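Contents: one structure, followed by commentary.
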Amino acid sequence: MPVDPVTYLEEALDLIEQEAFNASGVDWTRVRAECRDLAASAQTPADTYPALRHALSALNDHHSHLRLPDAGTTHRGLLGVYYTRGTVAFVFPGSPAALADVRPGDRVRRVQGKSVGGAVNDGLPPDSVVTLEVERAGERRVLTLTRAEVPVVPPEPQGHLAAPGVGVVTLPDCDLSGLLADGTPYEEWVRALLRDLAAQGAACWVVDLRRNLGGNMWPMLAGIGPLAGEGELGAFVGAEERWAWRYERGAALLGEKVMRRVGGPAPDTLPDHAPVAVLTSPLTASSGEIVTLSFVGRSGTRLFGEATRGLTTSNSLYELPDGAALLLTTARDADRTGRVYSGPIQPDVVILTEWDEFQTPQDPVLNAALAWLADC
């Protein structure tokens with residue numbers, strides 16, 4: 001049955017006004033009028049998306065967003081580049097940026113003819129065609145990139161033994177389905193990595209979250225939980241309520257509710273004093289920051305790298321009738337000590353990532369963590 005776009009818009013606006021953490025600070029009479037104007041000629045629910053994005057931007061939480069119906073399979077309007085401090089940190093495979101041979105370590109000198117600042121993708125506009133001036137080894141190129149549809153290929157967690165007794169686990173972002181490209185649950189992949197590295201003698205660990213853009217926290221937590229520890233690891237804090245997230249014997253829980261569980265025997269949980277280095281960067285965001293906070297307050301953990309993105313808030317998913325969804329910020333994040341965050345997580349040891357040396361023997365952040373772990 002066709003969905004009436006007027007009803008669709010009004011009910012979605014009701015959800016935003018009722019559920020979003022920052023909703024009380026919005027002039028809803030004005031914003032609703034602006035949204036109705038933007039959707040005045042809407043014939044389908046999809047025609048109301050610009051109005052919904054306008055309402056979400058009014059929340060000013062920098063985290064709430066609209067998820068399109070095909071978001072699990074297709075990146076729409078993708079350029080495919082993440083840069084920070086003007087340096088390319090990550091390029092999506094198959095994206096316009098990748099096809100133009102943009103690489104980690106390249107310097108982004110100008111975007112649309114303007115200099116860029118130090119923030120993640122600073123100055124990158126939503127325009128369908130974007131001009132980048134990129135420098136590599138002293139040579140500059142001017143690239144004209146057109147946003148495109150690119151298939152979603154969930155990145156795989158990686159692991160290796162970096163030194164005798166030291167296991168490195170790299171956790172990328174996790175799709176909301178919690179599945180990798182071949183259908184393997186994310187947490188099962190991580191469980192297998194931990195067991196394999198432990199069998200090779202790993203007794204102390206590096207957890208690399210520098211390219212973790214967020215997504216579904218529960219498979220990440222169920223997989224990496226043995227290194228973070230048993231029990232309460234953090235909490236979502238609302239205006240009047242608090243909901244703890246926990247890890248217990250292979251399961252990630254919200255309060256007493258199991259959100260995700262590994263299918264086989266979980267690796268043994270580390271003692272709280274066992275050394276674990278956690279690596280972060282400005283790309284570490286949202287659920288990547290929740291995983292980071294799950295280690296904060298653990299006696300054997302030290303954080304290395306740069307401050308995280310600062311999306312230390314929790315998003316709740318509200319499905320819409322056409323398959324789209326609102327992800328609304330509904331709470332702030334707290335670590336196991338009870339400290340509530342409202343911005344970036346600061347590392348214990350500040351070291352800049354050289355993105356062209358990421359996960360190589362020359363990686364300064366990884367090397368600093370390995371030096372700390374040398375005596376474990």
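Just so you know, all these numbers are worked out from the coordinates, no wet-lab data involved. Given the structure is predicted, the values throughout are model-derived calculations rather than measurements. Reconstructed Cβ throughout: ideal geometry from the backbone, glycine too, with neighbour counts over all protein chains shown.
The figures follow:
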item	result
Helix-derived mean residue ellipticity, 222 nm - over the chain, DSSP H n ≥ 4, -39500 (n - 2.57), to 500	-6500 deg cm²/dmol
Kirkwood Rh (inverse of mean 1/r, distinct Cα pairs), the chain, angstrom	21.8 Å
Stretch gain in nm, segment Arg136-Arg30, where the contour uses 0.36 nm per residue and the Cα spacing is subtracted	33.4 nm
Residues whose placed amide H lies under 5 Å from that of Thr74, excluding near-sequence neighbours	Val152
Cα-based convex hull, the range 78-151, per residue volume (Å³, whole number)	76 Å³
Disulfide-incompatible cysteines by the Cβ rule (no partner under 4.7 Å) in the chain	Cys35, Cys174
Extension gain from Thr184 to Ala374, taking 0.36 nm per residue of separation minus the Cα-Cα distance	65.0 nm
The range 217-280 - Debye-derived log10 I(q)/I(0), Cα point model, q = 0.13, 0.17, 0.20, 0.29 Å⁻¹	-0.36, -0.59, -0.77, -1.24
Mean Cα-pair separation over length for the range 78-151, i.e. relative contact order, pairs under 8 Å, 6 or more apart, %	31 percent
Positive minus negative residues near Arg141 (Lys, Arg vs Asp, Glu; Cβ under 14 Å)	+1
Computed lengthening from Gln112 to Leu143, 0.36 nm per intervening residue step minus Cα-Cα distance	10.1 nm
DSSP-defined antiparallel bridges as percent of all bridges, the range 226-314, nearest 5	75 percent
Percentage relative contact order, the chain, counting C-alpha pairs under 8 Å, at least six apart	15 percent
In nm, spacing of pseudo-spin labels at Gln18 and Val258 (7 Å Cα→C-beta vector)	3.2 nm
Average projection area in nm² (convex hull over Cα atoms of the range 5-60, one quarter of hull surface)	3.2 nm²
Approximate shape of the range 272-320 as ellipsoid semi-axes (Cα gyration tensor, √5λ), whole Å, largest first	25, 13, 7
Quarter of Cα convex hull surface for the range 295-376, i.e. mean projection, nm²	8.0 nm²
